[in-house]
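The values are calculated or read from the model by the stated rules, or taken from the named source; none is laboratory data. The model shown is predicted, which means the values in this text are computed figures rather than measured ones. Because the Cβ atoms are built from the backbone with ideal geometry, glycine has one as well, and the counts that use them run over all protein chains shown.
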Amino acid sequence: MNTRISTFNNDKNAYRVYKADFRSLTELEMYLLSSPKINAEVFPMQKSTSLPRDFAGVPLEEAINYCHGGYTEGLPLFLALKKELENTGRSNVNVRRSVPAVVGSRPHVPNFVAGTPKTMWRLDKAESKAFVDLYINLVYSGTTTEAQIRNRGILTLNLINLFEQNNMAVNLNVFEASMLKNEIFFANIQLKQPGQVLNVGKCYYPLCGKEFVRRLMLRVKESMPFKQNWSLGYGVGLPPALLRDMLKISDSKILIGSPIEMGLKGQDIFEDADIFFEHLKLSDNILVRKKSRKRRGA
C-alpha cells in the first residue's frame, strides 16, 4: 500500500489530501492483516471493530477474509437482474473483413489478372475498442440501508456488463472519497486493469457488501495521520462537484455517487434500475423489460 499526503486547491479552499493506493484487493487484505498502527490521538476508540453487526456486518476479521471471494450476500439477485436487463442501443460486433492490399496472406486473382497493384487479400484492421471511464465513490452515510448499498452495487456491475457486451471496455475507478473540514481521505482500490473484462467475483464484495466501507475502509482511515477529529463520524462523502474537480473528471465521464445521491430507495430493484439509469442519463439506451416486471409482480 502506498500512502501519500498532498494538497489540493480550488477556487474556495485549500485541502490536505491523504491518499492510499491499493493495487488489488489482496494488497488491501494484506495491509489490514498487518494490523497497521492506529492514529490513537484522533481515534481513541475504533469504530471499525465496535460498530454493531446489524449496522456494519460481520466482525472486522471476517470482513477482511471476504476480500478473497467469500462474499455472496444478494448474489442471486444480481444474477437475476443481469438476465433481465437489455440494452436497446446494442450495436453489432464488428467482424474483420478481407480487403484487397499490396501485401497480404493470399493472392487476389482478379486484381493480379487486371494488373492492379493490390494483388493480395489481407484482413482489415480491427476497429479500436471504445472505452468508458466509470468512477464510483463507495462512501455512503450512516442512514443508508443495506438494501440501498446492495442495489447500487448490483446496478453498477450490471452497467459494466452491458458496456462490455457492446464491445466497450470499462476503465473502472473504485475508491472512497470523504472529507472533514479541510482534510480529504481518498483510498483507491484497483479491481480491474483498463480494458480487462469484469471479474464479478472480485468486484462484488467492494461494491455490494456493507462491511467493505463500514469495517475495512474505517480501519484504513484509523491508520491515517489526520489532524482533524475524524473519530466522531469518520467524515462525510466528498460532494460530486468537488470530487470531479479534484480528480479532473469531466462531465462526459460516469460518476456514481452514494446510493442517496443516486436517488436509490433500496426497495424494488427494477424501480431503482429506472432511477439509476435516469440519473446517469442512460435511460434512453438501457431498460428493464416490462414483461419481466409483470412476471415478478413489480
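Quick notes on this structure:
So that you can scan it fast, the table gives a plain yes or no per residue for (1) modelled with pLDDT of 70 or more; (2) surrounded by 13 or more Cβ atoms within 10 Å (Cβ to Cβ):
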position: GLY74; (1), (2): yes, yes
position: LEU77; (1), (2): yes, yes
position: LEU81; (1), (2): yes, yes
position: PRO110; (1), (2): no, no
position: PRO117; (1), (2): yes, no
position: GLN148; (1), (2): yes, yes
position: GLN165; (1), (2): yes, yes
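- Condition check for LEU123: crowded, with 22+ Cβ neighbours inside 10 Å, of a type in the set (A, V, I, L, M, F, W, C), more than 13 Å from GLY266 (Cβ to Cβ) and modelled with pLDDT under 95: no
- Residue match in segment 186-209 (condition: among the aromatic types (Phe, Trp, Tyr) and under 27 Å from ASN9 (Cα atoms)): yes
- Residues considered: SER50, SER34, SER91. Of these, the only one that is of a type in the set (Gly, Ala, Ser), modelled with pLDDT under 95 and exposed (fewer than 15 other Cβ atoms within 10 Å of the Cβ) is SER91.
- Test: residue in segment 234-246 that is buried (at least 16 other Cβ atoms within 10 Å of the Cβ), touching a residue at least 24 places away in the same chain (Cβ under 8 Å) and β-branched (Val, Ile, Thr): no
- Flag for ARG16 being modelled with pLDDT of 95 or more, among the basic types (Lys, Arg) and out of contact with any helix residue (DSSP H, G or I) (no Cβ under 8 Å at 6 or more places or on another chain): yes
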